[in-house]
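A short write-up of the structure that comes next.
Here, each number is a calculation from the coordinates, and none is a lab measurement. Keep in mind that what you see is a predicted model, and the values were worked out from it rather than measured.
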Amino acid sequence: MDMIEEAKTPRRQIGIRFLYTLLYLIVLEVLKVVVQISVILQFIYLLITQKYSEPLRNFSNKLAAYAYRVVRYATLNENFRPFPFNDFPPEMEKPEDPVQFG
């Protein structure tokens, strides 16, 4: 019975994790808007130039990796606090070449 009580997480630590999670949920909502803007800008650029913007594509890929880390932290699947408390995560996968339509 004593071993079960030792394994319990103090409520204070749970509360602190909850506050960080609320902060990251706000960050996630901001990320959603940034992704939407980057998608619209990418398609505007694509319609005008008939080629995609490589810098915007790389930024969006890094943003996707960051959003993934935020979701994993918020859903208690990872203990590593994402940026700004640690380094910005690297890309998980490289973008596909060439981009195909249809």
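In order along segment 33-46, the Karplus-derived 3J(HN,Hα) couplings, from 6.51 cos²θ - 1.76 cosθ + 1.60 at θ = phi - 60°, round to 5, 5, 5, 4, 5, 5, 5, 4, 4, 4, 6, 4, 4, 5 Hz, and Gly and Pro are given as x. To the nearest ten degrees, helix 54-74 and the longest principal axis of the Cα atoms of the chain are 20 degrees apart. Only helical runs count toward this figure. For the chain, summing -39,500 (n - 2.57) over DSSP H runs of n ≥ 4 and dividing by all residues gives -22500 deg cm²/dmol at 222 nm. Restricting the calculation to Cα atoms, the chain shows an Rg/Rh of 1.17 when the hydrodynamic-style radius is the Kirkwood one.
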